[in-house]
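Enquirer: Starting off with a structure, shown below.
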Amino acid sequence: MPLRTAPLLVSATALALLAGCSNMNAPWSSGSSSTERAPAPKQICNAQPAQSFVGRTNTAQNLEQARQRAGAGMARVIHPGQMTTKEFNAERLNLEVDATGRILAVRCG
């Protein structure tokens, strides 16, 4: 490659890279912007009204009734040693159970 074309090639590559980054915050891009916010939860969980389920057996009926009392949009059962996601979800009710299926704790998140 002649010495005169090397700077031209480097400049063209740099411009191509910069052009690819120029629309990073466009409304149609997947990049996040500081003005974007997560959608507001549709139903916010309140675990206090569902505390009466502590000590009961985990059944589909108890899970659904606890979810309704808490006003949660969804519910999940967490078994001993079960891996769970760490993100807080204001719409979710968590029922923590022991190895026999007895409900130990009712929490939101």
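The values are calculated or read from the model by the stated rules, or taken from the named source; none is laboratory data. What you are looking at is a predicted structure, and each value in this text was computed from that prediction instead of being measured. Glycine also receives a Cβ, built like all others from the backbone with ideal geometry; neighbour counts cover every protein chain displayed.
Enquirer: Filter segment 53-109 down to residues that are of a type in the set (Ser, Thr, Tyr) and modelled with pLDDT under 95 and give me whichever is surrounded by the fewest Cβ atoms within 10 Å (Cβ to Cβ).
Expert: THR85
Enquirer: Inside segment 60-88, can you point out the residues that are free of Cβ contacts under 8 Å to residues at least 24 places away in the same chain and of a type in the set (S, T, N, Q)?
Expert: Selection gives GLN61, GLN65, GLN68, GLN82, THR84, THR85.
Enquirer: State the number of residues belonging to segment 49-69 that are under 15 Å from GLU91 (Cβ atoms) and not in a helix (DSSP H, G or I).
Expert: Qualifying residue count, segment 49-69: 0.
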